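Here the structure comes first, spelled out in structure tokens, and everything after it is commentary.
The values are calculated or read from the model by the stated rules, or taken from the named source; none is laboratory data. Treat the numbers as computed from the prediction; the structure is a model and nothing was measured. Neighbour counts run over all protein chains shown; Cβ positions are idealised from the backbone, glycine included.
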Amino acid sequence: MTTNGGTRTSLYAWLKSSRSAVSMVGDGPLAVLFPPRCLLCERPTFRLRVLCDDCMASLPRLTGPRCVKCQEPLEDPSLDLCRACGTRRRWFDRAVSIGPYDGAWGELIRALKFEREPAVARFLSERMAEFFVTERPFRDIDVITYVPMRRCALRERGFNQARLLARGLARRVHLPMQKLLSKVRETSPQARLSARERRDNLRAAFRPITSIRGKVLLVDDIFTTGSTVEECAHALKDGGCEEVFVLSVARA
């Protein structure tokens, strides 16, 4: 699939319009005239599904030797921890992602963030729920929360994608979802910052809004350097949380 801006915009527009049409006419005969398209290959799916069977089956997972704490790729497979996790304290106890950001997972996340497509939010939260039940440390989670957004970004987008994912996940695994953190100061966008600049940019940017006990699962859409979830985990533990685990859709 080509990834230039025009192609992606037209694809998302068709995805949205075709799903809207099917939503109005249901799964009856008229649905054949307005079949929703697979987000990745554009083939008709004939139901309100984000991906066709082939694209669904080929969604990639993270592979190769990786850090047991943050899933950073390891140059030396005999090691358990990456340089960052091995040389400094990490406030989160473990961070895992379903797959790599490059490719299919990135396309899905961009469709959610920039097109506000409800079907994509449901699809991703379903995949997170499937992943959740396979992770042993998640079995004793007490509450699910999410990474807060910058106020200006929230005003511009109108929603927090991490909150949508956390809410959908919580419903599917039958756990409470609570807002546990607030962002107490504005920060610069992280995209063009180095790892050190990201840490400095986010330092003391989050604060717990209630007393917290037990084990918390922190949800975000993308794990890049870990600076954001690191600061969130720091704030959660300052609030009394015993352990913080992180689940994201994709790792950049």
Pairs, first in the same structural domain as THR63 (by TED's automatic domain parsing) and touching a residue at least 40 places away in the same chain (Cβ under 8 Å) in the stretch 73-102, second of a type in the set (Gly, Ala, Ser) and part of a loop (DSSP other than H, G, I, E, B), C-beta under 7 Å, six or more apart: ALA95/GLY226; TYR101/ALA252
When residues of the stretch 190-206 are limited to those that are without any contact (Cβ under 8 Å) to a residue 40 or more places away in the chain and touching a Lys or Arg at 6+ places or on another chain (Cβ under 8 Å), the one farthest from LEU236 (Cα to Cα): GLN190
Contacts under 8 angstrom Cβ, first residue in the stretch 144-159 being without any contact (Cβ under 8 Å) to a residue 60 or more places away in the chain and among the hydrophobic types (A, V, I, L, M, F, W, C), partner surrounded by 13 or more Cβ atoms within 10 Å (Cβ to Cβ) and not in a loop (DSSP other than H, G, I, E, B), 6 or more apart: MET149/ARG157; MET149/ALA162; MET149/LYS183
Residues of the stretch 46-92 classified as loosely packed, with under 11 Cβ neighbours inside 10 Å, of a type outside the set (S, T, N, Q) and under 23 Å from GLU231 (Cβ atoms), total: 2
Residue within the stretch 179-190 that is in the same structural domain as GLU231 (by TED's automatic domain parsing) and either on the phi > 0 side of the Ramachandran plot or assigned to a helix (DSSP H, G or I) (or both) present: no
The stretch 208-229, subset of a type in the set (D, E, K, R) and modelled with pLDDT of 95 or more, residue surrounded by the fewest Cβ atoms within 10 Å (Cβ to Cβ): LYS215
Check on LEU108, in contact with a helix residue (DSSP H, G or I) (Cβ under 7 Å, 6 or more places away or on another chain) and either free of Cβ contacts under 8 Å to residues at least 40 places away in the same chain or in the same structural domain as GLY239 (by TED's automatic domain parsing) (or both): yes
Complete set of residues in the stretch 150-181 that are over 24 Å from PRO118 (Cα atoms) and surrounded by fewer than 14 Cβ atoms within 10 Å (Cβ to Cβ): none
Single residue of the stretch 123-152 satisfying the filter (among the charged types (D, E, K, R) and within 12 Å of the chain's Cα centre (by Cα)) that is nearest to ARG172 (Cα to Cα): GLU126
Selected residue [acidic (Asp, Glu) and closer than 23 Å to GLU243 by Cα] from GLU115, GLU126, GLU135: GLU135
Lone qualifier among ALA205, ALA162 - being small (Gly, Ala, Ser) and within 16 Å of the chain's Cα centre (by Cα): ALA162
Members of the stretch 193-252 found to be assigned to a loop (DSSP other than H, G, I, E, B) and among the basic types (Lys, Arg), listed by number: ARG203, ARG213
Output for the stretch 175-207, where each listed residue is over 16 Å from ARG150 (Cα atoms) and at pLDDT 95 or above: LEU175, PRO176, MET177, GLN178
Count of residues meeting criterion [more than 18 Å from ARG88 (Cβ to Cβ), within 16 Å of the chain's Cα centre (by Cα) and not aromatic (Phe, Trp, Tyr)] in the stretch 217-252: 12
Single condition ARG127 does not satisfy, out of (1) at pLDDT 95 or above; (2) within 20 Å of PRO208 (Cα to Cα): (2)
